[in-house]
Number of protein chains: 2
Amino acid sequence: MSELVKVVVDAMGGDYAPQEPVKAAVEAVTERKDIQVILTGPEDEVHAQLAKYPDYPKDRIQVVPATEVIQTAEPPVMAIQKKKDSSLVVGLKMVKRQEADAFVSCGSTGAILVGGQVLVGRLKGVERPPLAPLIPTEKGVSLLIDCGATVDARSSHLVQFAKMGSIYMENVVGIKNPKVAIVNIGAEEEKGNALVKETFPLLKACPGINFIGSIEARDIPSGYADVVVCEAFVGNVILKLYEGLAGTLMKKIKGGLMSSFRSKLGALLIKPALKKTLKSFDVTEHGGAPLLGLKGLVVKCHGSARSIEIKNGIFQCVQFKQQRINEKIGEHILEMADTSKE
Amino acid sequence: MSELVKVVVDAMGGDYAPQEPVKAAVEAVTERKDIQVILTGPEDEVHAQLAKYPDYPKDRIQVVPATEVIQTAEPPVMAIQKKKDSSLVVGLKMVKRQEADAFVSCGSTGAILVGGQVLVGRLKGVERPPLAPLIPTEKGVSLLIDCGATVDARSSHLVQFAKMGSIYMENVVGIKNPKVAIVNIGAEEEKGNALVKETFPLLKACPGINFIGSIEARDIPSGYADVVVCEAFVGNVILKLYEGLAGTLMKKIKGGLMSSFRSKLGALLIKPALKKTLKSFDVTEHGGAPLLGLKGLVVKCHGSARSIEIKNGIFQCVQFKQQRINEKIGEHILEMADTSKE
């Protein structure tokens with residue numbers, strides 16, 4: 001049997017904490033034998049939640065006490081510094097001390113980003129750790145990198161994102177020689193803003209990635225590229241518009257279907273098929289967003305995540321650990337640094 | 001009767017030229033009596049298209065010869081300089097000489113942007129003319145400003161966009177006291193990239209606009225704001241993702257509906273309602289994108305526009321002229337300049 005992967009789950013992060021994180025932990029250890037989950041949070045509360053589930057492998061869930069909770073609205077840097085006994089800080093420190101392989105939280109994005117960098121620390125050579133969710137496409141999924149970690153990034157950061165994203169897609173998602181593209185406002189090399197114009201030739205010259213050029217936002221949902229590289233502000237707009245537009249379209253369609261007797265009848269018939277289709281296009285179905293390039297894995301799930309997303313986030317950590325992603329990223333980033341010195 | 005509004009239509013711009021632009025011209029003058037259309041392009045070709053329509057008010061369509069065509073792939077600045085007898089340059093110069101009120105084209109965006117600024121010229125006080133399409137939302141439409149004219153814009157440009165956008169929404173679309181928001185990656189004032197952080201307080205302090213703060217991309221489709229202010233790169237990503245995501249979702253849904261006999265039957269019943277719903281959410285249904293802040297109106301329609309979009313673009317020009325939008329923009333921009341000098 002392969003080694004147990006130890007994943008810390010922030011029991012107090014997200015809109016539905018501690019219920020959903022605890023439920024996810026129980027489901028994860030029940031479904032897979034190679035996972036151990038460590039829940040951080042107030043002992044009483046976490047145990048009260050666990051008590052709801054009489055039948056799960058109890059030896060693979062551990063509770064580590066943490067009395068404080070970081071709220072979404074708190075300024076991240078200060079929260080990390082002050083709330084040393086928060087579920088988030090306690091969890092991240094376990095990864096830092098290598099008592100756990102990974103950390104999953106639905107809590108404050110800001111605090112996770114800051115905490116990941118400050119408490120867990122960057123891999124040698126990594127300039128900025130990007131937040132990189134999988135987004136649904138016609139063909140399956142693409143990696144959107146960076147979607148919120150480093151606003152106003154530099155071109156060298158984007159090149160590292162392309163590299164880390166390629167390693168992730170190849171090893172975690174299993175896409176051989178993943179196609180990398182940079183988000184742009186036209187297909188031609190001379191198009192774009194200053195950052196894209198500076199980054200484009202660097203990506204073209206970057207060894208070991210399959211760079212296919214620019215991608216216009218209209219081609220992202222079709223799955224034209226496997227790794228979609230962009231600066232965090234743009235990436236965040238893409239991710240959130242994905243969510244918002246899908247939601248609005250569905251509301252519109254549902255409203256439209258209720259407009260006549262004929263369409264109401266049809267709606268009844270198509271309901272199961274429609275539900276299945278929409279599920280495949282739901283951003284939350286694909287687990288959380290990993291913060292890449294750290295000395296351990298940190299995964300951010302939606303604030304509104306339910307147990308299924310958190311569980312998928314936990315499974316992602318297992319794949320990540322077993323595929324030795326961090327070791328691979330570390331080697332490649334150092335190689336890149338060597339090449340650029342030559 | 002109100003005065004005739006003279007609109008030049010680039011007969012040679014777009015994927016379906018000259019058929020669709022000519023058809024749009026015929027439809028526009030047939031539907032409304034207050035429009036005169038001037039078609040620019042090779043006389044023979046344009047007349048051959050017009051000959052398809054025996055019955056339209058011939059006195060309100062005029063053909064002005066232009067022998068050259070600017071292709072989408074041509075570098076814009078050089079194309080404008082060299083192809084002086086192109087349908088685009090000839091048309092824009094008519095607006096410049098006030099022989100026409102407005103210019104509508106489905107041709108090269110780059111050439112239209114450059115030509116608009118260089119040939120028609122900016123209104124006094126306008127720093128950068130933004131491209132501002134109407135995008136469909138749950139509530140109706142919002143104005144996305146800027147969606148592609150000025151990449152790497154400065155904060156003062158964005159403040160002018162907010163002002164011009166407000167005037168447009170109030171007078172052309174008829175929304176009283178339109179809500180203005182800036183695209184951001186969080187709701188709080190301290191969130192964002194350098195540009196947004198700099199622009200936010202300026203918008204807050206700007207008189208005469210109804211600034212409601214940040215808008216996250218997820219809230220754009222719901223119609224949370226009427227005027228959505230952003231830098232051109234981000235705006236272009238939003239516009240194109242709107243198109244791409246809607247298309248992909250529809251393909252997915254159609255595929256899903258063909259998956260069983262039950263859902264196929266349902267699909268037949270919902271088809272009319274679904275079609276109507278999707279039409280209301282089609283970016284191309286809302287006419288073209290005006291390039292605001294010029295000494296005349298320039299409207300860019302999709303390269304793939306059919307006559308209905310071009311016709312809506314022409315109608316937009318009438319509203320624009322009759323509501324004296326340019327005069328209003330001119331006054332307000334000068335007021336702003338005066339205020340900032342105080």
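The values are calculated or read from the model by the stated rules, or taken from the named source; none is laboratory data. Everything quoted here is computed from the prediction, not taken from an experiment. Cβ atoms come from the backbone with ideal geometry, glycine included; neighbour counts cover every protein chain shown.
Restricting attention to the range A:26-34, does a residue exist that is at pLDDT 95 or above, outside any loop (DSSP other than H, G, I, E, B) and among the small types (G, A, S)?
yes
Restricting attention to the range A:103-119, which residues are in contact (Cβ under 8 Å) with a residue 60 or more places away in the chain and either surrounded by fewer than 24 Cβ atoms within 10 Å (Cβ to Cβ) or not assigned by TED's automatic domain parsing to the domain that holds A:I80 (or both)?
A:T109, A:L113, A:Q117 - these are the residues of the range A:103-119 that are in contact (Cβ under 8 Å) with a residue 60 or more places away in the chain and either surrounded by fewer than 24 Cβ atoms within 10 Å (Cβ to Cβ) or not assigned by TED's automatic domain parsing to the domain that holds A:I80 (or both).
Taking the range B:235-255 as the search range and keeping residues that are at the interface with chain A (Cβ under 7 Å from one of its Cβ atoms) and under 16 Å from the mean Cα position of the chain (by Cα), which one is farthest from A:N236 (Cα to Cα)?
B:E243
Name every residue in the range A:258-289 that is in contact with a Lys or Arg (Cβ under 7 Å, 6 or more places away or on another chain) and at pLDDT 80 or above, in order of residue number.
The answer is A:M258, A:L269, A:G288, A:A289.
Does any residue of the range B:240-250 turn out to be more than 20 Å from A:I220 (Cβ to Cβ) and either touching a residue at least 12 places away in the same chain (Cβ under 8 Å) or of a type in the set (F, W, Y) (or both)? Full working, then the answer.
Within the range B:240-250, the subset more than 20 Å from A:I220 (Cβ to Cβ) is none.
No - not one qualifying residue is present in the range B:240-250.
If A:N184 meets every condition in (1) crowded, with 18+ Cβ neighbours inside 10 Å; (2) out of contact with any Asp or Glu (no Cβ under 6 Å at 6 or more places or on another chain); (3) more than 9 Å from every other protein chain (Cβ to nearest Cβ) apart from one, which number is that one?
(3)
A:M336 passes all but one of (1) at pLDDT below 85; (2) among the hydrophobic types (A, V, I, L, M, F, W, C); (3) within 14 Å of A:P133 (Cα to Cα); which number fails?
(3)
Which residues, taken from the range A:256-267, are more than 7 Å from chain B (Cβ to nearest Cβ) and not aromatic (F, W, Y)? Explain how you work it out, then say what you get.
If we filter the range A:256-267 for residues that are more than 7 Å from chain B (Cβ to nearest Cβ), which is where we start, we get A:258, A:261, A:264.
Residues satisfying the conditions are A:M258, A:K264.
What single numbered condition from (1) under 17 Å from A:A102 (Cα atoms); (2) of a type outside the set (A, V, I, L, M, F, W, C); (3) touching a helix residue (DSSP H, G or I) at 6+ places or on another chain (Cβ under 8 Å) fails to hold for A:E3?
Among (1) under 17 Å from A:A102 (Cα atoms); (2) of a type outside the set (A, V, I, L, M, F, W, C); (3) touching a helix residue (DSSP H, G or I) at 6+ places or on another chain (Cβ under 8 Å), A:E3 violates only (3).
Are there any pairs, at least 6 apart or on different chains, whose C-beta atoms fall under 6 Å, with the first in the range A:123-147 and within 21 Å of A:H332 (Cα to Cα) and among the acidic types (D, E) and the second assigned to a loop (DSSP other than H, G, I, E, B) and modelled with pLDDT of 90 or more, and if so, which?
A:D146/A:P130
Based on this model, can you work out whether B:I70 counts as of a type in the set (A, V, I, L, M) and closer than 21 Å to B:Q316 by Cα?
Working: of a type in the set (A, V, I, L, M): yes; closer than 21 Å to B:Q316 by Cα: no.
When the stated conditions are applied, B:I70 does not pass them.
Yes/no per residue for (1) away from chain B (no Cβ under 14 Å); (2) aromatic (F, W, Y); (3) out of contact with any helix residue (DSSP H, G or I) (no Cβ under 9 Å at 6 or more places or on another chain); (4) farther than 24 Å from A:K240 by Cβ:
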| site | (1), (2), (3), (4) |
| --- | --- |
| A:G140 | no, no, no, no |
| A:A153 | no, no, no, no |
| A:V172 | yes, no, no, no |
| A:E198 | no, no, no, yes |
| A:P207 | yes, no, no, yes |
| A:F211 | yes, yes, no, yes |
| A:S214 | no, no, no, no |
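Test B:R32 against the stated conditions and say whether it is surrounded by fewer than 20 Cβ atoms within 10 Å (Cβ to Cβ) and either outside the structural domain of B:Q117 (by TED's automatic domain parsing) or in contact (Cβ under 8 Å) with a residue 12 or more places away in the chain (or both). Walk me through how you get there before you give the answer.
On the way: surrounded by fewer than 20 Cβ atoms within 10 Å (Cβ to Cβ): yes; either outside the structural domain of B:Q117 (by TED's automatic domain parsing) or in contact (Cβ under 8 Å) with a residue 12 or more places away in the chain (or both): yes.
Against the criterion (surrounded by fewer than 20 Cβ atoms within 10 Å (Cβ to Cβ) and either outside the structural domain of B:Q117 (by TED's automatic domain parsing) or in contact (Cβ under 8 Å) with a residue 12 or more places away in the chain (or both)), B:R32 qualifies.
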